[in-house]
1. Taking the chain as the reference, fit the longest principal axis to its C-alpha atoms, fit the long axis of helix 69-80 to the helix C-alpha atoms, and give the angle between the two in degrees, 0 to 90, nearest 10.
2. So what is the calculated 222 nm ellipticity per residue for the chain, using -39500 (n - 2.57) for each DSSP H run with n of 4 or more, over all residues, to the nearest 500 deg cm²/dmol?
3. Determine the principal axes of the Cα atoms in the chain, then give the extent along each, sorted from largest to smallest and rounded to whole angstroms.
4. Cα axis of helix 94-103 to longest principal axis of the chain: angle in degrees, 0 to 90, nearest 10?
5. Among Ala87, Ala128, Ala69, which one moves the most in a GNM of the chain with springs linking Cα atoms closer than 10 Å?
6. Assuming a ≥ b ≥ c are the square roots of the Cα gyration tensor eigenvalues, decide whether segment 1-71 counts as rounded (a/c under 1.5), prolate (otherwise, with a/b larger than b/c) or oblate.
7. What is the sum of charges, Lys and Arg at +1 and Asp and Glu at -1, for the other residues whose Cβ falls under 12 Å from the Cβ of Gln115?
8. Hey, got the dipole for the chain? About the Cα centre, +1 on K and R Cβ, -1 on D and E Cβ, debye to the nearest 20?
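Bear in mind that the values in this text are calculations on the coordinates, not laboratory data. Quick caveat: nothing in here was measured; it's all calculated off a predicted structure. FYI the Cβ positions are ideal-geometry reconstructions off the backbone, even for glycines, and counts take in every protein chain you see.
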Amino acid sequence: MGAWPSLSQCFIAVDDHDTALPFYRDVLGLEVRNDVSFEGLRWVTVGSPEQPDVSIVLEPPLADPNASAADRQVMAELLAKGLLRAAIFATDDVDATFERIRSAGGEVLQEPIDQPYGVRDCAFRDPAGNMLRFNQPRR
């Protein structure tokens, strides 16, 4: 039997790459690895310099150029409510991470708190409405 599979990519839906990209690149500090357009749609791949084998693909909410207007509207509504995607990032200092993102204008969902399941975490919305959590093991 070979090695265990490892995570390579995950996807986060965004409705405006030009708004999302500065947040993920400049506020979160992720590097841009790829920026591809195809049939009027765009995919931007970002990732942590400390995890070169793991990427986040910022994709259109409905990555189908042939989707109906009704389907696009449903996806836009789900995205606006923050119901399409979420991501959890690990950090060494959740309080410092919180202050850095908040100071950069991040939309706060939850200030840092100690959770009963062993982490200290906080949460923000990205510019598209996705929930992003940041946690560290509780000391």
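1. Between the helix axis and the principal axis of the chain, the angle is about 10 degrees.
2. Rounded to the nearest 500, it is -6000 deg cm²/dmol.
3. Per principal axis, max minus min of the Cα coordinates gives 50, 42, 27 Å.
4. For helix 94-103, the angle is close to 50 degrees.
5. For the chain, modelled as a Gaussian network with Cα springs under 10 Å, the answer is Ala69.
6. oblate
7. Overall, the nearby charge balance is +1.
8. 300
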